[in-house]
1. Express the relative contact order of the chain as a whole percentage, based on alpha carbon pairs under 8 Å and six or more residues apart in sequence.
2. Given a 1.4 angstrom probe, what's the average accessible area per residue across region 78-231, in square angstrom?
3. How large a share of the accessible area of the chain, in percent, is made up of carbon and sulfur atoms when the probe is 1.4 Å and the other protein chains stay in place?
4. As a test of the formula, what do you get for the chain when each DSSP H run with n ≥ 4 contributes -39,500 (n - 2.57) and the sum is divided by the residue count, at 222 nm and rounded to the nearest 500 deg cm²/dmol?
5. Shape of region 1-136 from its Cα gyration tensor (a ≥ b ≥ c, root eigenvalues): rounded if a/c is under 1.5, otherwise prolate when a/b > b/c, or oblate?
6. Restricting to lysine pairs 8 or more places apart or on different chains, what number in region 147-231 have Cα atoms under 29 Å apart?
7. Measure out, as a whole number of angstrom, how far apart the alpha-carbon centroids of region 102-116 and region 1-58 sit.
8. Is the chain rounded, prolate or oblate when judged by the Cα gyration tensor, a ≥ b ≥ c being the square roots of its eigenvalues, rounded requiring a/c under 1.5 and prolate requiring a/b larger than b/c?
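The values are calculated or read from the model by the stated rules, or taken from the named source; none is laboratory data. In this text the structure is predicted, and so the values were computed from the model without any measurement. We work out accessible area using only protein heavy atoms, side chains counted, and drop any ligands, DNA or RNA first. Shrake-Rupley method; radii C 1.70, N 1.55, O 1.52, S 1.80 Å.
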Amino acid sequence: AEWGHNAIAITDHGVVQAFPDAFHAAKKAGIKILYGMEGYLFDDKDSRLPNGEINIKGKDTNHVILIAKNQIGLKNLYKLVSLSHLKYFYKKPRIPRSVLESHREGLLVGSACVEGEVFKGVVNHYSDESLLALADYYDYLEIQPLCNNHFLIDKGVVSDENGLRIFNEKVVALGRAAGKPVVATCDAHYASPEESLYRQILMAGQGYKDIEGDKGLFLRTTEEMLSEFAY
């Protein structure tokens, strides 16, 4: 609000516990909250057990962003949180695609980060036809700052930051071809750069190995975002 932003989206992983605090803070600051969540989506086609239930084990998940457009969407978001924890939890709260389909009213569905199926398709050099088919499912596509995907350089998927830029440019081109808006998101996990230390401590406690590279997931100003995506 101090930066002059009129809205901010909250999309925590699999949960919505931040909403009450966000509501009260936003009311005080005069800023709009986009209530959302980053979910773990999996394709449950042909994955039924003999008893008719959905098989959740052994299924890879793709990240997906869900943002409520209205009260119906917020109610459906809460239902998805409950179902993913109580009925489809396996290592993490998972959302079967068929369940999202039946609760999609009032929700914007975004393609999420490098762990989303669209960006994975770009990284794995899917055909244009396949990428268009993936993009068709989403209301908007997403790209993020280069530092978010630096681990792809460390893994040897690309040789330098130019390779990461090419991935983002491919998503932008895909959005134009598919008629989908493309959103550059900050994917902030903390407010300021020096707070990365706190997240590194939390991640170390959870057993993550590649924590030293986490230095760029801070909240950026509009100017910083424009500079980040100047290319």
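1. 14 percent
2. On the way: 8360 Å² over 154 residues.
Dividing the accessible area of region 78-231 by its residue count gives 54 Å².
3. Values: 6960 of 13120 Å².
Here it works out to 53 percent.
4. It comes out at -11000 deg cm²/dmol, rounded to the nearest 500.
5. Oblate, since a/c reaches 1.5 and b/c is not below a/b.
6. Details: LYS155/LYS170; LYS155/LYS209; LYS155/LYS215; LYS170/LYS180; LYS170/LYS215.
Taking region 147-231 as the scope, the lysine pair count is 5.
7. If you average the Cα positions of each part, the centres end up 9 Å apart.
8. Rounded shape, in that the Cα axes give a/c under 1.5.
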